[in-house]
Number of protein chains: 2
Amino acid sequence: MLRPSGDLTMADIARMAGVSESTVSRALAGSSRVAASTRQRIAELASATRYTVNESARSLRLGRTRTVEVLIPIEPDNPQSISDPFFLDLLGAIADALTARGYDLLLSKSPPWGKTPRGNSLVSGRADGMIIIGQGKRLQELRDLAQAHAQIVVWGAHLDGEDYTIVGGDNREGGRLACAHLIGLGRTRIAFMGDYRLPEIRLRHQGYLEAMGAAGLSVDGALVVPAKFDRESAFAAAQALIAGAPDVDGVVASSDVIAMGVISALAQAGRRTPADVGVVGYDDIYSAAWFNPSLTTISQSIRRGGDALVDALFARMAGEPAANVLLPAQLIVRASCGAQGLTKTKRGSRRSNP
Amino acid sequence: MLRPSGDLTMADIARMAGVSESTVSRALAGSSRVAASTRQRIAELASATRYTVNESARSLRLGRTRTVEVLIPIEPDNPQSISDPFFLDLLGAIADALTARGYDLLLSKSPPWGKTPRGNSLVSGRADGMIIIGQGKRLQELRDLAQAHAQIVVWGAHLDGEDYTIVGGDNREGGRLACAHLIGLGRTRIAFMGDYRLPEIRLRHQGYLEAMGAAGLSVDGALVVPAKFDRESAFAAAQALIAGAPDVDGVVASSDVIAMGVISALAQAGRRTPADVGVVGYDDIYSAAWFNPSLTTISQSIRRGGDALVDALFARMAGEPAANVLLPAQLIVRASCGAQGLTKTKRGSRRSNP
DNA sequence: CTGTTAGCGCTTTCAG
DNA sequence: CTGAAAGCGCTAACAG
């Protein structure tokens, strides 16, 4: 490991300044219990020698690391990688929020359950708190972890009675909005595509059913198709959908990537979007506005999500309670449902609220 | 900070097992110098009590952190955020490579120069090495940092005589390939768009000039337009280009995002892509294949880039020399230059070599 | 094969 | 206002 600039330690600075280590420590911490002149002298010395406090020693002594772990658990059977655009946008927002608080971000992909050789960072004292992106399918493991450690906040679905704070979009309302939009445009045979083993998707599915019910439209099994998050399985699932429900005229896709796969499959089957089938996506990822046709989708206000996650985590780390946060779902109308005719959204309108 | 499960320390485990701390330490490290039966017993005890070694103490003692910092420096005047698709893809590749080696990833956005309150992780002993994404415009600061610390690897342009190992795409060849492709399709008034204050872009620009020269085509000032990395400035820059060089029939854009902005601006000015103007992008980001028209672009084999960065860093951390790595640039032909007529690339062909 | 001992670099009582 | 001393939890000589 590189030591602070040329193996310089606090004892060295103390010797050079002709004071004790304690005084250096206090001076560098900005304590008013040290003479202003001494403080000044030490500050200059530290800066001139490029000395920096060794954070490992500091963490050991203080029992705090000033580090937060962000965990993006990837299940082995889930092809969704860390490169999924939505996750990455959220990660960027979290990074900004943590930086603003002077905390470091430890990025991790391996879930703390299962055989982790070194244990997870929270348990092994490498981080003061943990943000987990997505509950995944291992709800029980997550529950156990949260029971053992209070400093956990999760991005995901708003389940009841969990021990961790949940921040997430209003998935039920999002699903409802997407479906209602299609219904409002006169579609009646509307399909839902997504992996409803995931809590968030299950809620979107419920919203979809709610909208269908409210409009008096019936839903049969052929209209609800499981689909994983990558483009290829979405494409395959869409082909199954077309075979099972040839009269489909609308699709509520549970992610933008799925929506893109669906539109491709429809095109290959000779169905035009939006003329023959309207499609709504979810997430409003970067490419949604660029896709052809541009995607009507549900936006999750990622920036606010990052802030809310970090706020809640710091509350919990301070021993305070932190309520769940439900971020509003917003419908972004573009071309893929036909509501705009062939008009494109205005250039650059990637997010509704940048 | 959460202590290893219920404030359990190695001394506790030692007491429970009826051995000394050293034995526990050795047993947990898998040392063969401890009886297999003892080792077994301690392992079970640790697992039952959910004990994990405290990493802060371990790092302090060992002088190593098993952590690598990945720095994505964002200059204040550069709107390119951490959410830039290319950076994020590369980050994902690096995360995988580090995980495979059992290292943690500390993500950071603030450059170590300038007033960083806590110093950077390398100097403050929070990381054993550092991967910096992009040289940015602060070459001298980077040079100083690399002179002080050997454990630095940079993704970027292959400059000569730097103290750090450089891994990056063959930018010159990429620029040349892009331009030669357009020339091969009969274009003669080919523009270059990008911020050539950045070393990587400067090399792409050189490749562009090389191809133009080899074909005996002249380049005048109106054809070379500075453009930042966001869509809006690319759009504005493209408008300037059209005004200054109305006869332009090809564009080498220094990123896919810029290419998208250019195509939008061209469309607004009544120029069709690829019919009137052929456009080549750079990076092969996620949306490149989805854009309409799909982007012909230069792929940088990001996965190999992540591996090469991590390999080189570990070599340097071991005190060994690590040569620069030049990754081949590959032309991905899609629709935006007219080489395919209106044929789309095969679905799902996001990367040339996944 | 196992235990004793020292110390990584820092912060913080407790004295002065 | 400053210093001396203790100790955070761990690992690695050095003995036995």
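A short reminder: the numbers here are calculations on the coordinates, not readings from a lab. As the structure is a computational prediction, the values presented were derived from the model and not from experiment. FYI the Cβ positions are ideal-geometry reconstructions off the backbone, even for glycines, and counts take in every protein chain you see.
Points worth noting:
- The stretch between residue B:62 and residue B:275 holds 70.4 nm of extra length on full extension. This uses 0.36 nm per residue minus the Cα-Cα distance.
- Neighbour counts of other Cβ atoms within 10 Å put A:299, A:110, A:31 in the fewest-to-most order A:31, A:110, A:299.
- Share, in percent, of DSSP beta bridges within chain A that are antiparallel, nearest 5: 10 percent
- For segment A:10-53, size of Cβ-based charge dipole, Lys and Arg +1, Asp and Glu -1, in debye: 100 debye
- Here segment A:247-268 is scanned for amide nitrogen atoms under 14 Å from the site 7 Å beyond the Cα of residue A:220 along Cα-to-Cβ, giving A:247-249.
- Here each label is just a point 7 Å from Cα along the line to Cβ, and for residue A:236 and residue B:160 those points are 5.3 nm apart.
- Remark: the residue A:15-residue A:326 segment gains 106.5 nm on full extension, using 0.36 nm per residue and subtracting the alpha carbon distance.
- Relative contact order [Cα under 8 Å, 6+ residues apart], segment B:10-53, whole percent: 34 percent
- Each of A:263, B:194, A:296 was placed along the dipole of the protein assembly as shown (beta-carbon charges, centred on the mean Cα), and the one lying farthest toward the positive end is B:194.
- Taking the convex hull of Cα positions in the protein assembly as shown, its mean projected area over all directions (nm²): 34.0 nm²
- Only Lys, Arg (+1) and Asp, Glu (-1) charged, at Cβ; segment B:121-218 dipole about Cα centre in debye: 460 debye
- Hypothetical label at residue B:101: residues of segment B:55-74 whose amide nitrogen lies under 15 Å (7 Å Cα-Cβ projection): B:64-71
- The ranking of B:23, B:9 from fewest to most other beta carbons within 10 Å of each one's beta carbon is B:9, B:23.
- Selection among B:35, B:13, B:51 by position relative to the dipole of segment B:10-53 gives B:35 as farthest towards the positive end (Cβ unit charges, Cα centre).
- Counting every other Cβ atom within 10 Å of each residue's Cβ, B:196, A:51 order from fewest to most as B:196, A:51.
- Of all DSSP beta bridges in the protein assembly as shown, antiparallel share, percent nearest 5: 15 percent
- Within the protein assembly as shown: Cβ-based charge dipole about Cα centre, in debye rounded to nearest 20 (Lys, Arg +1; Asp, Glu -1): 740 debye
- With the convex hull drawn over the C-alpha atoms of segment A:10-53, the volume per residue is 57 Å³.
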